[in-house]
Every structure is written in C-alpha cells, then in structure tokens.
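This report concerns only the one structure given below.
The values are calculated or read from the model by the stated rules, or taken from the named source; none is laboratory data. Nothing here was measured: the structure is a model prediction, and the numbers come from that model. All Cβ positions, even for glycine, are placed from backbone atoms using ideal geometry, and neighbour counts span all protein chains on display. In case anyone asks, the SASA skips ligands and DNA or RNA and just uses the protein heavy atoms, side chains included. Shrake-Rupley method; radii C 1.70, N 1.55, O 1.52, S 1.80 Å.
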Amino acid sequence: MASVHALDGATPPVFSTADLRVRLAEPDLTIVDVRPIAAYNGWRLDGEARGGHIPGATPFPSAWLQSVDAAEIDRLLASKRITAGRDVVVYGRSLDDAAAFIARLNELGLAGARAYDAGFGAWAADPSLPIEQLPRHDKLVHIDWLQAVLAGERPEAAPTGTFILFHVNFGVPEEYAEGHIPGAQYLDTNWVEDPADWNRRSPEAIEEALRALGIRHDSTVVVYGRDTEGDANEKWPGRRAGQIAATRALMILRYAGVDDVRLLDGGYDWWVQAGHPLETVVREPSPVASFGVPVPLRPEVIVDIDEAKDILADRDGAALVSVRTWREHIGNVSGYNYIGPAGRIKGDAWGNCGTDAYHMQHYRNVDNTMRAYPEIAANWAEAGITADKHVAFYCGTGWRASETWFYAYLQGWERISVYDGGWFEWSQDPINNPIEVGEPQGEFAA
C-alpha cells in the first residue's frame, strides 16, 4: 500500500477495487474525484491507459479546499452529496490525494469517508472496469496543454495543422494590449457579428474576416477570454464578457466551417493564476487567400426566427432553451439596456445562466472552469432538455446561448443550434411572436 501523508497523519479506511466495482450503481454511495477537472473530463494528465473518471463520480478538485472560502466549500459539499451520514468514497491520482482530502473532511466534521486505495490510474489500467468521460473533452483544453503546444511540444490531442491562439473580446483591443497569453492574436467579435443586432454577419463578411485572421477550415484554433483577473471588470465594465465572448466566436467559427476549434478552460484568468507569463507584443495575423470550404459549411449551427417557431411547434422532438436569468425569464427585466420589452418566448424551456447577461455561474465551477458535464446534463433533463431532441439555445442576442451550445457540443449532442436573433428579435413583434410573463406553471428550473 502507498504511503499516506494525510493532513492529520492518519491512514483512512479504504475501499478496494472489488468493493467499488459492485457498488457503482448504488444511489446511497457518493464517489468523489479529487483530481483536476481536466482529468475528470478525460485528459490523461498522468499518462493513464484511459482518461476520464469512475462512473457516477462527482468532481471536487482538492485545490478548491485551499482556494475557496468556508461558506462556499460547505455549499459545494452539500450540492455534491458529500454530507454527514452518507457513504462517501474518495479517489485521486494516488492514495495520498484521497487521504489528504478525507483528512480535510474530518476537520469539517464530515467523518467516515473512505479512500479508494488503488487510485484512478489502476482503475484505468484494467480494461474490464468502466470509465466515463466528456465525449469531446479535447475541444476544452487546459493550461498545461496550451503551455506544451506553445513550447513546440506534441501533447495529447496535439494540433495536426496550423495552430492559432486568439484573445477574444468585443471592441476592447486595449485589453489585449495590456497583456495576453504569449503568441495570442486578437479577435474582436464585432468582426464576425453585426453590432446593430449582434447577429452573425453575412457569409461573405465572415469569410473575409476569417481569411484576414489567417484562419482556414483546417486550422486548429484555440480561443480564450479574460473575466476578472487584473481588475478587468473595473477597467472595462460590461465591454468584454470574457469567456462568453470566446465561446461566441467559437460557435461562429464552427458554423463557418472550422473543424478544430477549442476553448481554453478557465481562460486568461487560469493562465495568470497558475503563474504563467503574459506578453504585450501585438501579434499580427498572416492572411490566407482561401478559407477552403464554402461559408457556412454548417448552417444548422444557427437558426433564425422561422426555424425557432418550428422548434417550438415540435413539443416532443425539440426544445427552445432560454439561457437567461430567472428575472429575465419571468419578465421582471429585459436584461439589456438596449432591449425594452421584458418576458420570454412562449413555450420555451428555462435553462438558467447566472446573475446577469455577462455571467454564467450556473454553467461554471467556482474556479470559472466548465461545470461538471453530468451536472449540466442532469439540470437540463429536469427541464425536458435532452440529447434526443433538436435543441436550440437562445438568450438576448446569442452570447450566453453560444456558451451552452458549446457545452452541449462537448457532450456529443448532435442536433444543437443557437437561435441567433434571441429575445432581442422576438420581442420586437409581440403580435406575431407570442410572449409570456410571470412565473411559469409546472415548469422545472434547469
């Protein structure tokens, strides 16, 4: 058995592989994965035979115990069913990881958790044992992966063609100039969408913008945004939208025809918090003569108002999902200073978002990475939003909807779209576009 360096010096009670194998499906067992969220999603950070997590496990990276305040830790533990009286088994990269986490639980008054003694690497090495992973986890890259690529290395799921990194926001080039990840170019979302209505630009304009940025359909493009690090909110309030802007650009690139477009999980904030350097060098693009395929190659990624109405009409086979705050959903506010009417599209499903049009806490972890995908899927399922349907996401003008579209894409959902016009377009004609206000009856909150 491996040596243990738990916080209290004690070896915790252990769970064997045989024990865990037979109890995987038991609802009264909470399995906790304390490795980094990238490992949980599927990245083989330690060269494991297979990437992912033990089926049914909930992620609680041990780093959160050091970086999150006590009240938030209590809330997180409860939300993940790590509570007094429950049967809890913890695993990590090794028994040491699990033991340290359990010692912290003991300090918090949550005694009785046991450690899976073999660790995830041993579980992954046995092909007879099941593993789950985020199907397209390679499109959600982590900072160590990016660092390796920038250093000229060939990590897992390395780019196969031209690689381009973009710092994304809307209309704030001074944010990029202040500091960005080394090698990153600047991408202003105004180049691919029209500020008049925040919808994507014409196919011709999008193609021209992408060629000017040096992007072809076979390029590997990684995008990221800056959220709060370095007092960004105070310097440019409401003008950037950070990771939301990055996923908006990502969705339009996918619509246009880029095959390999990825998001840096945690974005600029994670890069800085990990101690990696920034640069102020302005990286100029190298334009290309041809994008390589017709634009849009994937028109189904974006739907317009007539298609949105078709989705609403198909109650059993489709869902139009509102990615907006509860106050927006029930009509207390429109959510935007340029949108007057408040309410929701009649017949939609509420998908939630966060506190306002610029925040997505409902879909992110406490450290600003993507929330555990099984939690997102479970919340959606409660609202009737499932992978077998044609699901179109909407918000005010398509930004928050783009982030949720990306999370569905990562999960392997095939029939997913963004209703680009969103509430901004729909609310302008209440005679022909049915609207509801007030609290829905019999509707589950996602």
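The number of residues in the range 75-90 being more than 20 Å from residue 37 (Cβ to Cβ) and either polar (S, T, N, Q) or open to solvent by 40 Å² or more (accessible area, probe 1.4 Å) (or both) comes to 4.
One residue stands out in the range 122-146 among those that are buried (at least 16 other Cβ atoms within 10 Å of the Cβ) and among the small types (Gly, Ala, Ser): the one that is farthest from residue 163 (Cα to Cα), namely 122.
If you check residue 319 against the conditions, is it within 22 Å of residue 220 (Cα to Cα) and crowded, with 17+ Cβ neighbours inside 10 Å?
Judged against the criteria, residue 319 is not a match.
Only residues that are open to solvent by 10 Å² or more (accessible area, probe 1.4 Å), among the aliphatic types (A, V, I, L, M) and part of a loop (DSSP other than H, G, I, E, B) were counted across the range 6-44, and they come to 5. Does residue 183 meet the test of being open to solvent by 30 Å² or more (accessible area, probe 1.4 Å) and touching a Leu at 6+ places or on another chain (Cβ under 6 Å)? For residue 183, the condition - open to solvent by 30 Å² or more (accessible area, probe 1.4 Å) and touching a Leu at 6+ places or on another chain (Cβ under 6 Å) - is met.
Listed here are the residues, each with its yes/no results for (1) open to solvent by less than 30 Å² (accessible area, probe 1.4 Å); (2) within 13 Å of the chain's Cα centre (by Cα); (3) over 15 Å from residue 198 (Cβ atoms); (4) without any contact (Cβ under 8 Å) to a residue 24 or more places away in the chain.
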{"residue": "337", "(1), (2), (3), (4)": "no, no, no, yes"}
{"residue": "343", "(1), (2), (3), (4)": "yes, no, yes, no"}
{"residue": "348", "(1), (2), (3), (4)": "yes, no, yes, no"}
{"residue": "358", "(1), (2), (3), (4)": "no, no, no, no"}
{"residue": "383", "(1), (2), (3), (4)": "yes, no, yes, no"}
{"residue": "392", "(1), (2), (3), (4)": "yes, no, yes, no"}
{"residue": "411", "(1), (2), (3), (4)": "yes, yes, yes, no"}
{"residue": "415", "(1), (2), (3), (4)": "no, no, yes, no"}
{"residue": "423", "(1), (2), (3), (4)": "yes, no, no, no"}
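Within the range 106-117, can one find any residue that is of a type in the set (A, V, I, L, M, F, W, C) and under 27 Å from the mean Cα position of the chain (by Cα)? Within the range 106-117, not a single residue is of a type in the set (A, V, I, L, M, F, W, C) and under 27 Å from the mean Cα position of the chain (by Cα). Among the residues of this structure, residue 279 does not count as one that is within 24 Å of residue 187 (Cβ to Cβ), touching a Ser or Thr at 6+ places or on another chain (Cβ under 8 Å) and surrounded by fewer than 16 Cβ atoms within 10 Å (Cβ to Cβ).
Is it fair to say residue 72 is surrounded by fewer than 16 Cβ atoms within 10 Å (Cβ to Cβ), charged (D, E, K, R) and in contact (Cβ under 8 Å) with a residue 40 or more places away in the chain? Yes; evaluated as a whole, the condition is true for this residue. Sub-9 Å Cβ pairs linking a first residue in the range 268-295 that is in contact (Cβ under 8 Å) with a residue 24 or more places away in the chain and closer than 18 Å to residue 168 by Cβ to a second residue that is of a type in the set (Val, Ile, Thr) and open to solvent by 60 Å² or more (accessible area, probe 1.4 Å), at least 6 apart or interchain, are 269/228, ordered by first then second residue.
Per the conditions (1) in contact with a helix residue (DSSP H, G or I) (Cβ under 7 Å, 6 or more places away or on another chain); (2) surrounded by 15 or more Cβ atoms within 10 Å (Cβ to Cβ), the sole criterion not satisfied by residue 274 is (2). Please work out if residue 62 is touching an Asp or Glu at 6+ places or on another chain (Cβ under 7 Å) and either without any contact (Cβ under 8 Å) to a residue 60 or more places away in the chain or open to solvent by 20 Å² or more (accessible area, probe 1.4 Å) (or both). Yes.
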